[in-house]
Amino acid sequence: MHCQPEQKTQVYIWIKNKQTCLLCDEPGDAPMALCTPCLDELPWLDIQCPVCALPLPVAGPACGQCLQRPPAFERVIAPWRYAFPVDSLISRFKHHQEWPFGRLMAELLAQFLHYRYDEGLSRPDGLLPVPLSRRRLRQRGFNQAGMLAHWLGQQLKLPVESHLLQRIHDTPAQQGLDARARRRNLRGAFALAGDVPVAGRHLALVDDVLTTGATAQALARLLLDAGARQVDVYCLARTPSPEAPG
């Protein structure tokens, strides 16, 4: 059963010179559906852990968790904190099938990644969307990570290998679980497709939000054990530490 929506038609008229801002409904001043004032007011991720992108109060070499237990992935690239209005946009895209919001955020993430590539960030050989379980895919009807990876691949001119990673066990939802419980929940949940080469490759996982990093850790470890050279994580937003104020 193929539940992923067809991507042959545009959800925006992206060739228009001007768009109507999706956040304030005012005419935009750029060839995307977001005006400059709303773009500037997004919760851009500033000071962060250089490994897992956790928002930090002051700059440092890495957060305490990454120093104590270095993750399998090399780094997380995320433009925003998981805060309003990005959290609302992701929810509307993910849970209400309002795909224009996902398309807009993927476009902005692609621009952010182009900027990072120009600064020296190494480009991966391919993009791998985080897989959904079959049950969750039937319920939702689409994999939001797959759609984000598809749009990113178009903008970045990178191949998207949607079937390399497989979720072989339906696990309980991760929401509400702490980091340790999330790691236990994901044991044995993922596998690699047997016919796709991984050895020596630099790959980037794509997802919407990174919370504890348990899913990214499990998938990155699986890829590295199969011989991958490096695994990065691309996502829209990073949640703050549960202990952080506000």
- Item | Highest-first arrangement of 106-113, 89-96, where packing means the average Cβ count within 10 Å | 106-113, 89-96
- Leu192 and Thr36 label points (each 7 Å along its Cα→Cβ direction) are spaced in nm at 4.7
- Roughly speaking, what is the stretch gain from Arg221 to Thr20, that is 0.36 nm per residue apart minus the C-alpha to C-alpha distance, in nm to one decimal? 68.1 nm
- Message: Quick check: pseudo-label points 7 Å beyond the Cα along Cα→Cβ at Gln139 and His169, how many nm apart are they?
- Response: 1.8
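Values in this text are rule-based calculations from the coordinates and carry no lab data. Predicted model, so just to flag it, every value in this text is computed and none were measured. Cβ sites come from the backbone with ideal geometry, for glycine too, and all protein chains shown count toward neighbours.
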